[in-house]
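Accompanying notes for the structure given below.
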Amino acid sequence: MTKRIVVTGIGATSALGGTAPENWANLLAGQSGTRTLPHDWIEKYQIPVHFAAEAIVRPEEVLPRHEAKRLDPSTQFAMIAAREAWEDAGAPEVDPDRLGVDWATGIGGVWTLLDAWDTLREKGPRRVMPLTVPMLMPNAGAGNLSLHFNARAFARTVVSACASSTESIANAYDHLQDGLADVVIAGGAESAIHPITMASFASAQALSRRNDDPATASRPGAIDRDGFVMGEGGAALVLETEEHAKARGAKIYAYVVGGGVTADSYHITGNDPEGTGAARAVEAALAQAGASPDEVAHINAHATSTPVGDPNEYVALKRVFGDRVDEIPVSATKASTGHLLGGTGALEAVFTILALRDRVAPPTINMTEPDPAVPFKLSTSPQPLGDGELLGISNSFGFGGHNAVVAFRSA
């Protein structure tokens, strides 16, 4: 028997705000979280890109010092987002054996790893922290969330580049359907605005070079886009069976109705220009939802602002929706938040849920002249989504050919 799965709590921290409500309000207001970086390592290592979308609220402002020093920044953001989501859900009372964690990251503890390498080279092995491995491992987020919330059903980690946290939400849906838990904390976090990742992405010609005007650097769908903007932060959802949520009188944001996960098997960094894998992920999410493409009222696009990626996503969606894709309100929210890599899907899931709740598609900022190859229905102001039951999807596609899509219905 298919269960109804609901979202009862949300949390988010990013360049737009330190909480989910702050992120949503600033997104609707058309703000940009991209700023010039103040770090001396930009000049020291001659990094060619001088800006990124760093989280506006720093973890040390939120977490106790003794806790923060034992966690890599990526796990710090995981803690902040998950705690907000848990409190927002009413801190549900649940048997620990029925509480699970489905978490994600794209890179994990890059700061811990490379700081430890510097310490080893400069000061020797005795000065390397004993907690280095538990801090740098990609499953540190899931493990620490499991410890904090006493979640004993499972603590699983997805690492599928920029599709990671969307895949974690799809997995949480399946785990609840399979009866492995009654409540799941799902989402993802990333903190990879580091000299090595910035240098590498810049070397690959993947990052925007608009050093003179960083706030407008991310411009998905615009003809003069020149690359993505590195983002930072995390987002979390509390998912439950509807039966469990209603039994405790929880508020319901939205229903999770399906997920689709596929692989391109095309290229380690580029997505399939024919869009077949991405299209199959959308189709799988809609099939699990028991929905047709004609029902989709809103799309949060992956839309990273890269010259190749944006048109390829349009091609993929055209395979599913046909000419109707040009009429569906689409939001490309990375224009405001930057690209959180493994955390981006969870943040965009939060935005999709709130779009359905408030019946408004958030704006896509920095749209100059639209690219004819990407004729999405992007708007520079909030777009009304209409009345009745709404169905929305959130897309994520990552290096390695990973595709993940989650579908939500309005509550």
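The values are calculated or read from the model by the stated rules, or taken from the named source; none is laboratory data. The model shown is predicted, which means the values in this text are computed figures rather than measured ones. Cβ: placed from backbone, ideal geometry, glycine included. Neighbour counts: every protein chain shown. With ligands, DNA and RNA removed, areas are computed over all heavy atoms of the protein, side chains included. Shrake-Rupley method; radii C 1.70, N 1.55, O 1.52, S 1.80 Å.
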**Message:** Condition check: at pLDDT 95 or above, within 20 Å of Gly343 (Cβ to Cβ) and hydrophobic (A, V, I, L, M, F, W, C). Does Ala291 satisfy that?
**Reply:** no
**Item:** Matching entry among Arg219, Arg152, Arg225, Arg209 (being part of a loop (DSSP other than H, G, I, E, B), touching a residue at least 24 places away in the same chain (Cβ under 8 Å) and either under 17 Å from Leu37 (Cα atoms) or of a type in the set (A, V, I, L, M, F, W, C) (or both))
**Value:** Arg209
**Tally of residues being open to solvent by 10 Å² or more (accessible area, probe 1.4 Å) and aromatic (Phe, Trp, Tyr) across the range 390-411** = 2
**Fill in**
The residue from Glu93, Glu67 that alone is assigned to a loop (DSSP other than H, G, I, E, B), out of contact with any strand residue (DSSP E or B) (no Cβ under 7 Å at 6 or more places or on another chain) and more than 17 Å from Phe154 (Cβ to Cβ) is Glu93
**Message:** Would you confirm whether or not the range 168-181 contains a residue that is of a type outside the set (D, E, K, R) and at positive phi?
**Reply:** yes
**Request:** Filter the range 1-51 down to residues that are touching a Lys or Arg at 6+ places or on another chain (Cβ under 8 Å) and in a loop (DSSP other than H, G, I, E, B) and give me whichever is surrounded by the most Cβ atoms within 10 Å (Cβ to Cβ).
**Result:** Ala15
**Message:** Tally up the residues in the range 174-203 that are in contact with a strand residue (DSSP E or B) (Cβ under 6 Å, 6 or more places away or on another chain), open to solvent by less than 10 Å² (accessible area, probe 1.4 Å) and either in a helix (DSSP H, G or I) or modelled with pLDDT under 95 (or both), please.
**Reply:** 1
**Item:** Residues located in the range 276-294, provided they are farther than 21 Å from Ser164 by Cβ, open to solvent by less than 50 Å² (accessible area, probe 1.4 Å) and either in contact with a Pro (Cβ under 9 Å, 6 or more places away or on another chain) or not in a loop (DSSP other than H, G, I, E, B) (or both)
**Value:** Leu286, Ala289, Pro293
**Complete:** Of the residues in the range 342-381 that are touching a Ser or Thr at 6+ places or on another chain (Cβ under 9 Å), open to solvent by 10 Å² or more (accessible area, probe 1.4 Å) and of a type outside the set (D, E, K, R), the one that is nearest to Glu22 (Cα to Cα) is Ile365
**Request:** Keeping to the range 97-114, report how many residues are more than 15 Å from Gly143 (Cβ to Cβ) and assigned to a helix (DSSP H, G or I).
**Result:** 6
**Asked** Is it true that some residue in the range 117-131 is surrounded by 24 or more Cβ atoms within 10 Å (Cβ to Cβ) and not in a strand (DSSP E or B)?
**Response** no
**Asked** Among Val330, Val350, Val374, Val360, which is among the aliphatic types (A, V, I, L, M) and out of contact with any strand residue (DSSP E or B) (no Cβ under 8 Å at 6 or more places or on another chain)?
**Response** Val374
**Message:** With the requirement that a residue be aliphatic (A, V, I, L, M) and surrounded by 19 or more Cβ atoms within 10 Å (Cβ to Cβ), what does the range 216-235 give you?
**Reply:** Ala217, Ala222, Val229, Met230, Ala235
**Complete:** Filtering the range 316-350 for residues that are in a helix (DSSP H, G or I) and closer than 14 Å to Ile365 by Cα leaves a count of 4
**Prompt:** Within the range 246-275, how many residues turn out to be closer than 24 Å to Ala104 by Cα and not in a loop (DSSP other than H, G, I, E, B)?
**Reply:** 10
**Request:** Answer yes or no: is there a residue in the range 19-26 that is hydroxyl-bearing (Ser, Thr, Tyr) and over 17 Å from Leu354 (Cα atoms).
**Result:** no
**Prompt:** Looking at the range 306-315, is at least one residue open to solvent by less than 10 Å² (accessible area, probe 1.4 Å) and in contact (Cβ under 8 Å) with a residue 40 or more places away in the chain?
**Reply:** yes
